[in-house]
Every structure is written in C-alpha cells, then in structure tokens.
Amino acid sequence: MARRLSTRVAEALLIAVLGLGSLFLWIGIPAGWLFIASRLSNEYPKVYLLALLFCPLTMIAFGWFLLRVNALYMSLFPEPEERARRGREAWLGAVGADASERRPWPALEMFMTISVTLAVVALGVWFFFFAGSSLPTP
C-alpha cells in the first residue's frame, strides 16, 4: 500500500515537473531573459541582442533537462506490454490501416503542444492589447 502510494506520488511529481517545465520553457525563459537584459542595458538594441543570444541557449539546455525527466518518467512508468504491437500489427499501424486503435501521446509531447499553444496565445494577447504603439506621435 505504501509502495503504491509512493509510486503515484513519484509519477505525479514527474508529470508536474514536465508540465510546469514546458510552460517555463516557452514563457518563463523568454520573459526572464527580456527582464534580465533590460536590467543589464538601457539601450533597446542591446536588450534584444542579449535576449536573442542567451534565450535560445538557455531553452536548449532546459529542453535537454526536460528530455532527461521524460526519459526517467518513461523508464519508471513504461507502457503496458499488452499495448505494444509487434510484426504485422505494428506495420499496419504505421501505414494507418488500424486507425481505430491509436496510442495516447507521451506526456512530454502533450505538455509541449499545450505550452506552445498557450505561449502563442499569450503573445497575441500581449501584442494586441498591451504592447502599445512604437511609432512616434505626430
């Protein structure tokens, strides 16, 4: 009973790390680098140059971390054997002949899709409602 509870807690913790980490990857890191760069320089070209230089590097490093967490999750909680397909069944699934029996998305793919969608929506809301105009007033 206690082992089963600790397994569920570990699974929930890994899923929470993947979900929050995915949001942090697409929203937190770019916003953080814009904030840090704006504190380091008052000139806008330098702010954007710093953010454009260091943001992708940080995102790559953090993406590697998320891949490692996902690999740990997949090793601790593998897909049940009865779902794994072999031989002709696997080939039919690969060409779409057995479309009625689709496997669920892995956790990291699902969280990345959701977090990218939320990041694009947040960018659109900011751009259209909060950004203001950069054109000089006449």
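Data overview
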| item | result |
| --- | --- |
| Residue count for the stretch 108-124, restricted to those that are of a type in the set (A, V, I, L, M, F, W, C), without any contact (Cβ under 8 Å) to a residue 12 or more places away in the chain and under 22 Å from Phe77 (Cα atoms) | 1 |
| Residue check, Ser6 among the polar types (S, T, N, Q) and within 18 Å of the chain's Cα centre (by Cα) | no |
| Residue in the stretch 80-101 that is modelled with pLDDT of 85 or more, assigned to a helix (DSSP H, G or I) and surrounded by 11 or more Cβ atoms within 10 Å (Cβ to Cβ) present | no |
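Listed here are the residues, each with its yes/no results for (1) surrounded by 13 or more Cβ atoms within 10 Å (Cβ to Cβ); (2) part of a helix (DSSP H, G or I); (3) in contact with a Leu (Cβ under 7 Å, 6 or more places away or on another chain).
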site: Gly32; (1), (2), (3): yes, yes, no
site: Phe35; (1), (2), (3): no, yes, no
site: Arg39; (1), (2), (3): no, yes, no
site: Pro45; (1), (2), (3): no, yes, no
site: Leu49; (1), (2), (3): yes, yes, no
site: Phe54; (1), (2), (3): yes, yes, no
site: Met59; (1), (2), (3): yes, yes, yes
site: Gly63; (1), (2), (3): yes, yes, yes
site: Val69; (1), (2), (3): yes, yes, yes
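The values are calculated or read from the model by the stated rules, or taken from the named source; none is laboratory data. Predicted model, so just to flag it, every value in this text is computed and none were measured. All Cβ positions, even for glycine, are placed from backbone atoms using ideal geometry, and neighbour counts span all protein chains on display.
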